[in-house]
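The values are calculated or read from the model by the stated rules, or taken from the named source; none is laboratory data. All values reported here derive from a predicted model rather than from experimental measurement. No Cβ is skipped: glycine too gets one built from the backbone with ideal geometry, and neighbour counts run over all protein chains shown. When the accessible area is computed, the model is the full protein with side chains, heavy atoms only, and any ligands, DNA or RNA have been set aside. Shrake-Rupley method; radii C 1.70, N 1.55, O 1.52, S 1.80 Å.
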Amino acid sequence: MIDAHVHLAALPEGDNGCYLSPRMLRHPLLRFLAWRLGLDLRNPTLANAVYLERLRGELARSAKVQRAVLLGMDGVYDDRGTLDLGRTDFLISNRYVLEVAKRYPEEFLAGVSINPRRRDALNELDRCASAGAVLVKVLPNSQCFDPSESRHIPFYRALARYRMPLLSHVGYEFSLMGKDQSAGDPARLRVALDEGVYVIAAHACSYGLLVREPYFKVLKEFVRAYPNFYADASALTLPNRSRMLFLLRRCPELYDRLLFGTDYPLPVFPCPVVGKNFTKVTRARNSFDRHALVLESLGIRCMDFSVLLAKIRP
Ligand SMILES: [Zn+2]
């Protein structure tokens, strides 16, 4: 299987084009992940290598997942379409994503990130498409753009022409507390869907704030209305998103549009699983296998990203 949602993380180093703001460097979530993954933030060369080797090792040991779509992260752009580093928390450059995917073609596919507000968005898309990118990832909440604005239509048309899926974050984003979170509403992806883009809504449209799942309606409606709409099952074992798993359990009609994905390196919790499966899940040390086991034990079937790729680019 291919994991359609794996984050590439890197500290700025040499000409890798990545960026991390001083605010982000102090962020508790980043500190926690660095500690958990054994990354020394004072040594970028070593930390970047350790991150990649850990990920490759985890993939090699997985019984269920062989390849991963590595995701980049574009920054915030001002009204003239210029990169605004002052408002950007972190940036994982397409150059770095493409370079790593090219270095390990058996393991990785490139999921580049292009903020449609950037002045050279169309050129960047051309460049990434010819370099072999398989999808474009966006995080509207932190990249500060509204996916429903009609000014993005030329970008959506180009994505549709390239048959390049658009993977968009959905719901609340905890690393961005205090920022505008309304951009995470999946209903705003309708413009891209109407232009024929293959849209993948991340985290199965879960909201990310425990009990309420206001976007579940949108998930069901889009699956019915748009053959080009998909969702991914990433991050759903996190306690703040796991209620969506209980809703998905009751809707097998959605499984043909649900892609397997984890949101690595975020932890995978066994929390929604009960009974004998709980021991099975907690025994799985491998995070890809553990995520797959949680879904399996709840009877939730996922689609492999390779099936989607084969379908849209035969
Ligand atoms: Zn993610």
Query raised in the report: Does any residue of region 214-231 turn out to be acidic (Asp, Glu) and in contact (Cβ under 8 Å) with a residue 24 or more places away in the chain?
Result: no
Requested in this report: Only residues that are over 17 Å from the mean Cα position of the chain (by Cα) and part of a loop (DSSP other than H, G, I, E, B): list them for region 215-236, please.
Outcome: TYR215, TYR226, PRO227, ASN228
Query raised in the report: Only one of (1) open to solvent by less than 20 Å² (accessible area, probe 1.4 Å); (2) in a loop (DSSP other than H, G, I, E, B) fails for ARG117. Which number is that?
Result: (1)
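Filter region 219-234 down to the residues that are under 22 Å from VAL65 (Cα atoms) and either open to solvent by 10 Å² or more (accessible area, probe 1.4 Å) or among the acidic types (Asp, Glu) (or both) and list them by number.
Across region 219-234, the qualifying residue is only ASP232.
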Query raised in the report: Can you name the number of the only condition in (1) free of Cβ contacts under 8 Å to residues at least 60 places away in the same chain; (2) within 16 Å of the ligand (Cβ to nearest atom); (3) part of a loop (DSSP other than H, G, I, E, B); (4) in contact with a helix residue (DSSP H, G or I) (Cβ under 8 Å, 6 or more places away or on another chain) that PRO267 fails?
Result: (1)
Report task. Tally the residues that are buried (at least 22 other Cβ atoms within 10 Å of the Cβ) and either in contact with a Cys (Cβ under 9 Å, 6 or more places away or on another chain) or part of a loop (DSSP other than H, G, I, E, B) (or both), restricting the search to region 273-296. Result -> 4
Query - Test: GLY261 is outside any helix (DSSP H, G or I), within 24 Å of PHE222 (Cα to Cα) and either more than 16 Å from the ligand (Cβ to nearest atom) or more than 18 Å from the chain's Cα centre (by Cα) (or both) - result: no
Report summary line: Going through region 235-273 in order, the residues found to be within 23 Å of VAL69 (Cβ to Cβ) and among the aromatic types (Phe, Trp, Tyr) are TYR255, PHE260, TYR264, PHE269
Requested in this report: For ARG212, indicate whether it is in a loop (DSSP other than H, G, I, E, B) and either open to solvent by 10 Å² or more (accessible area, probe 1.4 Å) or farther than 22 Å from LEU29 by Cβ (or both).
Outcome: yes
Query - Filtered residue count, region 248-258, keeping only those that are within 21 Å of the chain's Cα centre (by Cα) and open to solvent by 20 Å² or more (accessible area, probe 1.4 Å) - result: 2
**Report entry** Count of region 149-178 residues which are surrounded by fewer than 20 Cβ atoms within 10 Å (Cβ to Cβ) and within 16 Å of the ligand (Cβ to nearest atom)
**Finding:** 5
Query - ASP146 vs. criteria part of a loop (DSSP other than H, G, I, E, B) and either hydroxyl-bearing (Ser, Thr, Tyr) or open to solvent by 20 Å² or more (accessible area, probe 1.4 Å) (or both) - result: yes
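When the residues of region 197-209 are filtered to those that are open to solvent by 30 Å² or more (accessible area, probe 1.4 Å) and not aliphatic (A, V, I, L, M), which remaining residue is farthest from PRO272 (Cα to Cα)?
TYR198
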Query - Test set (1) part of a loop (DSSP other than H, G, I, E, B); (2) open to solvent by less than 30 Å² (accessible area, probe 1.4 Å); (3) touching a Cys at 6+ places or on another chain (Cβ under 7 Å); (4) not basic (Lys, Arg) - PRO239 fails condition number - result: (2)
